[in-house]
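For reference, the structure discussed in these notes is given below.
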Amino acid sequence: MRAHLIKGWIVAILATLAVALVAVPARAHAELQSSDPADGASLATAPAQITLTFGEKLLAEGNAVTLTEVETGAALEVGPVEVTGDTVSVGWPESSPAGELRADYRVVSTDGHPVEGSITFTVEEAAGPSAAAVAVPVADSASPTTDTGSEPAEPSSDPPAAPSATPQETDDGGGVLIWIVGLGLAILLGALAGMWVMRRTR
């Protein structure tokens, strides 16, 4: 009787140990406790980041968070994964469409067991970098303007042409001398003619 009782106690103890060994690892796995944005939330504008909080601390390596547009399946580029204790966060993309988005996560708990899951939420307004203002140059009214009409003509490299001689440019003294010479010749010719006539008459 006592042998059967001892065996019963041994079986019960072993069964309890077996249940404990199975239950302890299950409790050690990191499970999602909360998120920001919350699962199923509707946001007027895009958040600054996605934050996921789990039930225990996480390893610093092996964690990943991705963001996908549900309608098109397009993947959006989020910031690098940052781990702080039991929290994982990633920066929001520089640009994202409006609509339903899904954040998929894969984290590693301290016992090395990976945990995967996802949350979905809706953003009503698209996000993106603001367009840079285009600077239009404005002419400075105070700056001096160039007057093309007052610019001096460039000096010519050709030498100045020599003035041509014209009859109007002859010296008046030369004309008087010619008249005197002509008058003297006429007087001389008249005298010679008179002498010739006198000789013939003799």
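The numbers here are math on the coordinates, done by the rules we state, and not lab data. Because the structure is predicted, anything quoted here is derived from the model rather than measured. When we count neighbours, we look across all protein chains shown, and the Cβ atoms used for this are built from the backbone with ideal geometry, even at glycine.
Order of TRP92, TRP196 from fewest to most other C-beta atoms within 10 Å?
TRP196, TRP92
Got the relative contact order for segment 28-123 handy, in percent, Cα pairs under 8 Å and 6 or more residues apart?
Result for segment 28-123 is 36 percent.
Can you pull the one-decimal nm distance between simple spin-label points at ARG102 and LEU185, each 7 Å off the Cα toward Cβ?
13.0
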